[in-house]
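The values are calculated or read from the model by the stated rules, or taken from the named source; none is laboratory data. All values reported here derive from a predicted model rather than from experimental measurement. Cβ atoms come from the backbone with ideal geometry, glycine included; neighbour counts cover every protein chain shown. Please note that ligands, DNA and RNA were not included when accessible areas were found on the heavy atoms of the full protein model with its side chains. Shrake-Rupley method; radii C 1.70, N 1.55, O 1.52, S 1.80 Å.
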Amino acid sequence: MPVLIMLWAIVSVPAIAAPDADLWPDWQAHDDSNDAIIDHSVWQTILDHHLVVVSSGVTAFDYAGAKSSSLTHLSDYLNAMQAVKIDAYNRDQQMAFWINLYNAQTVAVVMDHYPVDSIRDIDISPGLFSLGLFSSGPWDKKLLTVEGRSLSLNDIEHRILRPIWQDARIHYALNCASIGCPALAATAYDGNRIEEQLDKAALAFIQDERAVRLAEDGSEIELSSIFDWYRSDFGKSDAAFSDHLARYAGLELATWLSVHGEDLPISFYHYDWSLNDSHP
């Protein structure tokens, strides 16, 4: 999901724009009359065996264990997904497909280079994005081929998911293998209950300090850098953004937002790029 260089910090940093949502029209084809279900059971089995629930809304992944016992299964799942004729499915199945494919490929690329301290250490992105702000990470490497088209992780997020669905909850479903990222979900996304799962992911992240922290005196709010990088997805005005947060917030934060939401006093943004490794 992320493509920016930013380490955990307790100082303010200038806002840096993430890639725009730039629709690739080829991926708009779908068939809402098709009730067929895409099978993600292999991905679910991998999650069952190697995902560790740390606390409510926080998970870690056993990359070492998965690399020794599930590498073939993950490769088989990714190969099976790349053989799917995704244009023939309905929108809900497509959304679950792209989210699961993104998350599984992210886990695969970490496993391929494990051990690493951060996904940003996997410096395989080619061309222009190997310079400047985009100097590290795997997000622009063409790692997948779907319906004959080569795709990177950034392509899935910024050319397909964000522009087609225009749903901010996508950011809570995609996992970037980092502690600061919304958690890798313990349950594979399912087109038949995608709305419920997206709401659950939003609640889990927004109600965790990785997303939002209130100052002890209640004067300011500290936010995940995700809300800076993709601010327009969550609401361009402070009021719209506050409404989004309040929809999934606990009582304390929702009450605070009802008072301060029109003009949010944001102290700074934070993000922890450390690998979400269950055995760091």
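Just the residues that are assigned to a helix (DSSP H, G or I) and acidic (Asp, Glu), please, taken from the stretch 145-173.
Matches in the stretch 145-173: ASP155, GLU157.
Do any residues in the stretch 159-171 that are among the hydroxyl-bearing types (Ser, Thr, Tyr) have Cβ atoms under 7 Å from those of residues that are at pLDDT below 95, where the two are at least six apart or on different chains, and which pairs are they?
Listed by first residue and then by second, the contacts come to nothing, as the list is empty.
Check ALA17 against each of (1) modelled with pLDDT under 85; (2) in contact with a strand residue (DSSP E or B) (Cβ under 9 Å, 6 or more places away or on another chain); (3) open to solvent by 50 Å² or more (accessible area, probe 1.4 Å) and name the one condition it does not meet.
If we test ALA17 against (1) modelled with pLDDT under 85; (2) in contact with a strand residue (DSSP E or B) (Cβ under 9 Å, 6 or more places away or on another chain); (3) open to solvent by 50 Å² or more (accessible area, probe 1.4 Å), just (2) comes out false.
Which of the following residues is surrounded by fewer than 21 Cβ atoms within 10 Å (Cβ to Cβ) and under 20 Å from TRP43 (Cα atoms): ASN175, ASN192? Give the derivation first.
Numbers: ASN175 fails: surrounded by fewer than 21 Cβ atoms within 10 Å (Cβ to Cβ).
Exactly one residue qualifies, and that residue is ASN192.
Hey, can you tell me all the residues within the stretch 219-248 that are open to solvent by 20 Å² or more (accessible area, probe 1.4 Å), among the small types (Gly, Ala, Ser) and in a loop (DSSP other than H, G, I, E, B)?
SER219, SER237
Quick one: what pairs do we get from the stretch 59-78, first residue charged (D, E, K, R), second modelled with pLDDT of 95 or more and open to solvent by 20 Å² or more (accessible area, probe 1.4 Å), C-beta under 6 Å, 6+ apart or different chains?
Once the first residue is charged (D, E, K, R) and sits in the stretch 59-78, its partners that are modelled with pLDDT of 95 or more and open to solvent by 20 Å² or more (accessible area, probe 1.4 Å) give ASP62/SER278; LYS67/TYR114.
With the condition kept exactly as written, say whether any residue in the stretch 125-141 is open to solvent by less than 10 Å² (accessible area, probe 1.4 Å), in contact with a strand residue (DSSP E or B) (Cβ under 9 Å, 6 or more places away or on another chain), on the phi < 0 side of the Ramachandran plot and not small (Gly, Ala, Ser).
Looking for residues that are open to solvent by less than 10 Å² (accessible area, probe 1.4 Å), in contact with a strand residue (DSSP E or B) (Cβ under 9 Å, 6 or more places away or on another chain), on the phi < 0 side of the Ramachandran plot and not small (Gly, Ala, Ser), one finds none in the stretch 125-141, hence no.
Looking only at the stretch 249-265, count how many residues are surrounded by 15 or more Cβ atoms within 10 Å (Cβ to Cβ) and touching a residue at least 12 places away in the same chain (Cβ under 8 Å). Give the steps one after another, and end with the answer.
Going residue by residue through the stretch 249-265, those that are surrounded by 15 or more Cβ atoms within 10 Å (Cβ to Cβ) are 249, 253-254, 256-257, 260-261, 264.
Keeping just the survivors that are touching a residue at least 12 places away in the same chain (Cβ under 8 Å) gives 249, 253, 256-257, 260-261, 264.
Counting residues in the stretch 249-265 that are surrounded by 15 or more Cβ atoms within 10 Å (Cβ to Cβ) and touching a residue at least 12 places away in the same chain (Cβ under 8 Å) gives 7.
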